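K.L.:
Below: one structure in structure tokens.
The values are calculated or read from the model by the stated rules, or taken from the named source; none is laboratory data. Fair warning: this is a prediction, and the values are worked out from it, not measured in the lab. For neighbour counting, all protein chains shown are included, and Cβ atoms are generated from backbone atoms with ideal geometry for every residue, glycine included.
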Amino acid sequence: MRFFIFLHIAIFTFAINVCFAQQDAPTWSDDVACIIYSHCSSCHNPNGIGAEQLLLLSYADAYAARFSILDAIESREMPPWPPDQSYNPLAHDRSLSDDEITTVSNWVNADAPLGNTANEPTPPIFSSSWEIPNPDYSVRIPNYTIPAITNDLYRCFAIPLNVPANTYLTGFEVIPGNRNIVHHVLLFQDTTGQGLTLDNADPQPGYANGPGGVGVQSAKLIGGWVPGSTAKFAPPGMGMRLNSNTSLIAQIHYPEGSDGLLDSTRINIKTQTGGFLREMTSAAILNHLLNINEPLVIPANTVKTFYEQYTIPQNVSVTITGIGPHAHLVCESMRAFAVTPQNDTIRLIDIPHWDFHWQGFYDFKQAIKLPGGTRVYCIATYNNTTSNPHLDPNNIQLVTLGEETSDEMMLFYFTYTLYFPNDENIVIDSASHLAHYLNCAGTVATQEPQELFAAQVFPNPTTDNITVTYDYPEAIWLQLTNVVGQSVKQQNLSALVTNISVGDLPKGIYFITLSDKGKQKILFSDKLIISR
């Protein structure tokens, strides 16, 4: 009898504790739904790459998978964001904050209470709507049905663009035709016609090539797409030159298990033809052919670290806006940094746990100046042993340089342009955290407030005068520069509407920038044309 009394007391006490824990715990409706809908549902929906593993569009979905969700986010396996945030925060970071992880953890540990359903946000609807509503070019790969495959498939599709001379790419977006099977896309520019030749020689749409390239040695990387990506745009006044004979080559990664499914991925492009834009280039200035300390050879059952170095010419300074590391399955970690002539170290990117399946091209939050004479370094470690989870432990073999998945590579692509004064103040992403679905009012309260800035410069083109209007609580700094980066006019602005004379300047193209009063952050930038 005494045993049963103690048992009933224990059960009652446990129930009371659970009840109190749930009262204080985060709830799905007030706290967790917005986190899941903002960070997870874009992939884990019926049309997303994560649909086969898990759907996350309701409380029932999340409750059923709550323990798996907690494991994935506490290990930071999900959402996929390989770069180390503490090394150098990068633009458009999809990862969860520590507070968000704690919120989900507390919710799961309190048995995942639903909360007041009146506060539950409406589940998001994911459509194939375009972020660039009026693209200058919209091209689509032919309908392609994935054949029977036993490994990942990398298929390249060459598409002629037929752009006029002096055309610059200023933005692009990739719209997967089948988000269930498009794992990632890399876009290249080919001016040789070799990609079209390879495509035409294959009886099926596109042609096969390894993950390292597109079979065209001179092809230049434009950018890429991974699940969760949004449209990408060049900073104001910049663009990537497209030659008149340019073809796009889209390398699309289809994972194992895509057999028999159809894809028809589309690429939308914004361009500017004529006028003046600063030319941006994307190139692997750190690579395994020219800069490496020794040949990229990793014997079986060894762990090896390789180094690459490139020195920027003394008489040239460059502005870098993005970086894209690339390696295959044996690679374990990749890191890049720069050392200026003054021996200042500039951290660029660190991926401590390289995952071939989640590679990407990353923008910096703010443009970075690399002065002439700066040494750019990268370090990568390769683990060709049974402790590497990406390798078959029963088939550890010698690995050398090559484009097949079983080979290895060591590349760091950089997007760069010649440096202009104040480039280092160009802000690419000012957000402290990923924008949340429906603003997530109850969840984003701990995030830093976002400053809103709206400005107009008119008339543009102009002859003698411009009017500058802006909405900002403090005085700002205006600067006009010419096409070679020389400052031709500058002044403080304290009125919300200011008239400025430009009649003393020769006709031509200029760049106008508005910065905070400390000149630490560019708030607005645009091209100004003076014509008479």
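K.L.:
I want to confirm something. Restricting to the range 228-257 and keeping residues that are touching a helix residue (DSSP H, G or I) at 6+ places or on another chain (Cβ under 9 Å) and over 26 Å from Thr197 (Cα atoms), which single residue is modelled with the lowest pLDDT?
P.N.:
Ranking the qualifying residues of the range 228-257, first place goes to Gly228.
K.L.:
Anything in the range 387-438 that is of a type in the set (Asp, Glu) and either touching a Leu at 6+ places or on another chain (Cβ under 6 Å) or closer than 23 Å to Trp358 by Cα (or both)? List them, or say none.
P.N.:
Scanning the range 387-438 gives Asp392, Glu403, Glu404, Asp407, Glu408, Asp429.
K.L.:
Also: Of the conditions (1) among the polar types (S, T, N, Q); (2) out of contact with any strand residue (DSSP E or B) (no Cβ under 7 Å at 6 or more places or on another chain); (3) more than 23 Å from Tyr416 (Cα to Cα), Thr191 fails just one. Which one is it?
P.N.:
Result: Thr191 fails condition (3) only.
K.L.:
Could I ask something else about it? Just checking, which of Val214, Val185, Val174 is surrounded by 20 or more Cβ atoms within 10 Å (Cβ to Cβ), under 24 Å from the mean Cα position of the chain (by Cα), of a type outside the set (Asp, Glu) and not in a strand (DSSP E or B)?
P.N.:
Testing whether each residue is surrounded by 20 or more Cβ atoms within 10 Å (Cβ to Cβ), under 24 Å from the mean Cα position of the chain (by Cα), of a type outside the set (Asp, Glu) and not in a strand (DSSP E or B) leaves just Val214.
K.L.:
Looking only at the range 70-97, count every residue that is under 23 Å from Gly360 (Cα atoms) and in a helix (DSSP H, G or I) and tell me the total.
P.N.:
Count: 3.
K.L.:
When Leu198 is evaluated against the numbered criteria (1) of a type outside the set (Asp, Glu); (2) on the phi < 0 side of the Ramachandran plot; (3) in a loop (DSSP other than H, G, I, E, B), which criterion, by number, is the only one it fails?
P.N.:
If we test Leu198 against (1) of a type outside the set (Asp, Glu); (2) on the phi < 0 side of the Ramachandran plot; (3) in a loop (DSSP other than H, G, I, E, B), just (3) comes out false.
K.L.:
Continuing with this model, one more query. Considering only the range 304-341, state which residues are closer than 25 Å to Asn388 by Cβ and small (Gly, Ala, Ser).
P.N.:
Within the range 304-341, Gly324, Ala327, Ser333, Ala336 qualify.
K.L.:
With the requirement that a residue be farther than 30 Å from Gly237 by Cα and of a type in the set (Asp, Glu), what does the range 304-358 give you?
P.N.:
Once the filter is applied, which keeps residues that are farther than 30 Å from Gly237 by Cα and of a type in the set (Asp, Glu), the range 304-358 yields Glu308, Glu332, Asp355.
K.L.:
Then there's this: Just to be sure before I move on: is Asp263 over 21 Å from Arg140 (Cβ atoms) and touching a residue at least 60 places away in the same chain (Cβ under 8 Å) in the structure I sent?
P.N.:
no
K.L.:
What is the one condition in (1) closer than 26 Å to Pro352 by Cβ; (2) among the acidic types (Asp, Glu); (3) surrounded by 22 or more Cβ atoms within 10 Å (Cβ to Cβ) that Glu294 does not satisfy?
P.N.:
With respect to (1) closer than 26 Å to Pro352 by Cβ; (2) among the acidic types (Asp, Glu); (3) surrounded by 22 or more Cβ atoms within 10 Å (Cβ to Cβ), Glu294 is out only on (3).
K.L.:
Here's something else I'd like to know. Over 19 Å from Leu90 (Cα atoms) and either buried (at least 22 other Cβ atoms within 10 Å of the Cβ) or in contact with a strand residue (DSSP E or B) (Cβ under 9 Å, 6 or more places away or on another chain) (or both): which single residue out of Val427, Val399, Val376 fits that description?
P.N.:
When all the criteria are applied, what remains is Val399.
K.L.:
Quick check on my filter: what residues within the range 325-375 are farther than 17 Å from Met409 by Cα and among the aromatic types (Phe, Trp, Tyr)?
P.N.:
Passing the criteria: Phe337, Tyr362, Phe364.
K.L.:
Same structure, new question: Only residues that are aromatic (Phe, Trp, Tyr) and either farther than 22 Å from Ala51 by Cβ or touching a Leu at 6+ places or on another chain (Cβ under 8 Å) (or both): list them for the range 111-144, please.
P.N.:
Of everything in the range 111-144, those that are aromatic (Phe, Trp, Tyr) and either farther than 22 Å from Ala51 by Cβ or touching a Leu at 6+ places or on another chain (Cβ under 8 Å) (or both) turn out to be Tyr137, Tyr144.
K.L.:
Here is a further query. Does Ser38 satisfy the criteria of being in contact (Cβ under 8 Å) with a residue 60 or more places away in the chain, assigned to a helix (DSSP H, G or I) and not assigned by TED's automatic domain parsing to the domain that holds Ile181?
P.N.:
Numbers: in contact (Cβ under 8 Å) with a residue 60 or more places away in the chain: yes; assigned to a helix (DSSP H, G or I): yes; not assigned by TED's automatic domain parsing to the domain that holds Ile181: yes.
Criteria met by Ser38.
K.L.:
Another question about this same structure. Only one residue in Leu54, Leu114 is in contact with a His (Cβ under 6 Å, 6 or more places away or on another chain) and either part of a loop (DSSP other than H, G, I, E, B) or of a type in the set (A, V, I, L, M, F, W, C) (or both). Which one?
P.N.:
Leu54
K.L.:
Lys270 versus (1) closer than 29 Å to Ile512 by Cβ; (2) among the basic types (Lys, Arg); (3) at pLDDT 95 or above: which is the lone unmet condition?
P.N.:
(3)
K.L.:
If Ser138 meets every condition in (1) of a type in the set (S, T, N, Q); (2) outside any strand (DSSP E or B); (3) surrounded by 14 or more Cβ atoms within 10 Å (Cβ to Cβ) apart from one, which number is that one?
P.N.:
Failing condition for Ser138: (2).
This table checks each residue for (1) touching a helix residue (DSSP H, G or I) at 6+ places or on another chain (Cβ under 9 Å); (2) modelled with pLDDT of 95 or more; (3) not aliphatic (A, V, I, L, M); (4) not assigned by TED's automatic domain parsing to the domain that holds Ile351.
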| position | (1), (2), (3), (4) |
| --- | --- |
| Ser95 | yes, no, yes, yes |
| Asp99 | yes, no, yes, yes |
| Ser105 | yes, yes, yes, yes |
| Val108 | yes, yes, no, yes |
| Gly115 | yes, no, yes, yes |
| Ile132 | no, no, no, yes |
